[in-house]
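First up is the structure itself, then whatever we jot down about it.
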Amino acid sequence: MMIKTFYPGDPVKEADLHNITEFLYEHLQEYRDERPAIRMALDYALTDKSKPGGFVLLAVEEEQICGAVIVNKTGMKDYIPENILVYIAVDKSFRGKGIGKSLMKKTIELAQGNIKLHVEQNNPARFLYEKFGFEAKYLEMRLSR
């Protein structure tokens with residue numbers, strides 16, 4: 001398994017952006033967002049030059065995506081962490097092989113500054129995040145319009 005890293009300005013084909021979006025949509029399962037939201041986070045990280053950017057990690061085995069991460073930089077610090085781990089997913093058939101752990105290690109290594117993520121209370125991935133030192137700081141509340 002190899003981890004590929006993509007930063008703003010790296011040449012990424014439209015077909016690859018589509019494949020990453022589809023991979024995350026499929027493998028985030030019941031915790032997923034809709035495709036346009038996933039694509040928006042991907043574009044923010046890599047292609048929208050007016051935004052602070054971020055990075056994308058792909059775990060690849062034999063040319064097949066088996067895991068993916070999208071991190072967006074917030075452009076802030078102190079009161080809001082510098083980074084948001086927006087999405088992380090591992091293909092169900094590759095789970096239990098340390099891919100999620102490898103992606104988390106690489107994410108923490110590459111992100112400059114603090115990292116925030118949102119996780120549902122019943123999401124089993126929560127335990128992986130806690131092993132890496134993530135802890136609940138606030139109860140998030142939203143006004144949806």
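No value in this document is a laboratory result; all are computed from the given coordinates. No experiment lies behind these values; they were computed from the predicted model shown. Ideal geometry is used to build each Cβ from the backbone, glycine not excepted, and the neighbour counts take in all protein chains shown.
Structure values in brief
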{"read-out": "Any hit, region 72-86, residues being free of Cβ contacts under 8 Å to residues at least 40 places away in the same chain, closer than 23 Å to Met1 by Cβ, hydrophobic (A, V, I, L, M, F, W, C) and in contact with a strand residue (DSSP E or B) (Cβ under 9 Å, 6 or more places away or on another chain)", "value": "yes"}
{"read-out": "From Ile99, Ile115, Ile108, residue being out of contact with any Asp or Glu (no Cβ under 9 Å at 6 or more places or on another chain) and not charged (D, E, K, R)", "value": "Ile108"}
{"read-out": "Qualifying position, being among the basic types (Lys, Arg) and either within 20 Å of Ser102 (Cβ to Cβ) or in contact with a His (Cβ under 8 Å, 6 or more places away or on another chain) (or both), among Lys49, Lys4", "value": "Lys4"}
{"read-out": "Every pair of residues 6+ apart whose Cβ atoms lie under 6 Å, when the first sits in region 119-145 and is closer than 16 Å to Ala89 by Cα and free of Cβ contacts under 8 Å to residues at least 60 places away in the same chain while the second is in a loop (DSSP other than H, G, I, E, B) and not polar (S, T, N, Q)", "value": "Arg126/Val119"}
{"read-out": "Cross-chain or 6+ apart pairs with Cβ under 9 Å, region 33-48 first and closer than 15 Å to Glu14 by Cα and without any contact (Cβ under 8 Å) to a residue 60 or more places away in the chain, then of a type in the set (S, T, N, Q) and outside any helix (DSSP H, G or I)", "value": "Ala41/Asn72; Tyr44/Asn72; Ala45/Asn72"}
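Here is a yes/no grid of residues against (1) farther than 18 Å from Asp33 by Cβ; (2) of a type in the set (S, T, N, Q); (3) in a helix (DSSP H, G or I):
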position: Leu128; (1), (2), (3): yes, no, yes
position: Phe134; (1), (2), (3): yes, no, no
position: Tyr138; (1), (2), (3): yes, no, no
position: Met141; (1), (2), (3): yes, no, no
position: Arg145; (1), (2), (3): no, no, no
